[in-house]
Amino acid sequence: MSACRSLAMVSMLALSLAAGPIPAAAKATQVGGDLYQSGGEITIDTPVAGDAVLAGGRVALGKPVEGDALVAGGSVDIRSRVAGSLYAAGGEVRVDAPVGANTRLAGGRVIIDREADIAGALTAAGANVRLDGQVRGYALVTAAQVQINGRVAGDLRVIGGELVLGPDAVVEGRLDYRGTSTPRVADGARVQGGIAEPQAAEPSGGGGYSIAWIIGAIVAAAIVLAVTPTGARRATQALRARPIAAVLLGLALLVGMPIAALLLALTVIGIPIGALVFAALLSLVALGYLAAAAALGDAIVERGGTASTRKRILATALALVALALAAQVPYVGWVVWLLALLAGIGAIVLAAFGRRSVQLPRPA
């Protein structure tokens, strides 16, 4: 999937979700041969001639997709062939069908079953990743627990806490493991390309820089909340009401705005506009993390009603500290940081350009 095509797919899904919460009944939009669908429960039971972009509580792909597939949900089940690349994220992600190109997966639990035959490379991240199928390219896995009982034709690199190679595991390339324990290799497992010298995963450092950054972020958040309390509240409400839309929109903007600025600069006459686009992106990046922290803080202090600015600042400060600590956790810290940034960027744009104010239900 090309960069522009990926951006277009993510943008279409983000914009469809930004219109409101995901409905219980699935809603589909057909553009040429491409399918865009969101809903509480989605089952694809007819072939898709082009790309498929799907988001819902439970998503099951039961018929072939002739293009690329971008799937997000609480539960994602890929049961039929994807001719192009597969991108999937969810609480549990299961792939049990052939994929014609690269596969990128992220979830709490990621399972690549025996019927999975990935023609390209595999990238998987999660708390638990299990590979029972076949990967014809390289495999890069980041997880707390990794179980390999399938075949990898290229190199296998694992970054995580625990690695188990089952009796049917075959790695035709080189195994490079960076983790906190010794890999367990069952009788019958084969690593034909040799095993790299085991290395312990390097926890991220931070030290004084992290403390200085946290202090600066708290000061900046306090200024924003004090100067524009209503605007900040709209952004936090948008994030709490439509978190998936905020993350996807943030991703589309983070990828698309630099490309747009570059294309404008190439036209010469568009250089001033390109500079403005790039400046706007820098502003969104600077404020995005603060918006995510403020949303966490508001979720705590505004459960019973509107909180004072002072309480919101204190709660946001605590949220910034919590996010900073979470970002230091090996293997998954960068995921926390990136999700918070994307969610905050998307929330700011949703709040700025939303057609209606966001009203969250109050507890009884």
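Read the figures in this text as sums done on the coordinates, not as results from a lab. What you see is a predicted model, and the numbers here were worked out from it, not measured in a lab. Positions of Cβ are backbone-derived with ideal geometry, glycine not excepted, and every protein chain shown enters the neighbour counts.
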Computed Rg/Rh of the range 207-353, alpha carbon atoms with Kirkwood Rh = 1.01
Can you figure out the FRET efficiency of E66 with D168, using R₀ = 41 Å and their beta-carbon distance, to the nearest 0.05?
-> 0.85
Can you sort S181, S80 by how many other beta carbons sit within 10 Å, fewest first?
-> S181, S80
Sort out for me the Cα centre separation of the range 45-106 from the range 231-298, rounded to whole Å.
-> 28
Take every Cα pair under 8 Å in the range 207-353 that's 6+ residues apart, average their separations, divide by the length, and report that relative contact order as a whole percent.
-> 39
Cut-off 11 Å between beta-carbons: net charge of the residues surrounding R233, Lys and Arg +1, Asp and Glu -1 | +1
